[in-house]
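The values are calculated or read from the model by the stated rules, or taken from the named source; none is laboratory data. As the structure is a computational prediction, the values presented were derived from the model and not from experiment. Don't worry about glycine lacking a Cβ; one is built from the backbone with ideal geometry, like all the others, and counts go over all protein chains shown.
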Amino acid sequence: MEDSDIATFAYIMNSINGVFADNSIRIDSKDRAIWVTGAEGASCQIYDLHGRIAAGRKRLTNRSKFKMKSAGIYLLQITLPNGQSIVDRVFVK
């Protein structure tokens, strides 16, 4: 067997209570929905804990809403226009 190529990824994971370090993107959850604010022009994928896509949108507006089918913990991957990715976890009641 031969070794496969090494894949590398860069993620920014520096959030406190859903507000990212640069204060431009905010993630909130309420009413079984996830709100992403301040990420206009970015794209977002939301995954469940099994790695399945639970929701996604190609292009975000300044305030985007994702209505979730069930309560649980979700992982958000927001890809900014410059190619950087932000990953955060969200608990939806």
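Can you work out which of the residues in segment 4-13 that are under 13 Å from Gln77 (Cα atoms) and part of a loop (DSSP other than H, G, I, E, B) is modelled with the highest pLDDT?
Among those that are under 13 Å from Gln77 (Cα atoms) and part of a loop (DSSP other than H, G, I, E, B), it is Phe9.
Give the residues of segment 56-85 that are more than 10 Å from the chain's Cα centre (by Cα), of a type in the set (A, V, I, L, M, F, W, C) and either at positive phi or surrounded by 13 or more Cβ atoms within 10 Å (Cβ to Cβ) (or both), sorted by residue number.
Leu60, Phe66, Met68, Leu80
Tell me whether segment 20-31 contains one or more residues that are modelled with pLDDT of 85 or more and either surrounded by 10 or more Cβ atoms within 10 Å (Cβ to Cβ) or touching a helix residue (DSSP H, G or I) at 6+ places or on another chain (Cβ under 6 Å) (or both).
Our first condition is that a residue be modelled with pLDDT of 85 or more; within segment 20-31, this holds for none.
Within segment 20-31, not a single residue is modelled with pLDDT of 85 or more and either surrounded by 10 or more Cβ atoms within 10 Å (Cβ to Cβ) or touching a helix residue (DSSP H, G or I) at 6+ places or on another chain (Cβ under 6 Å) (or both).
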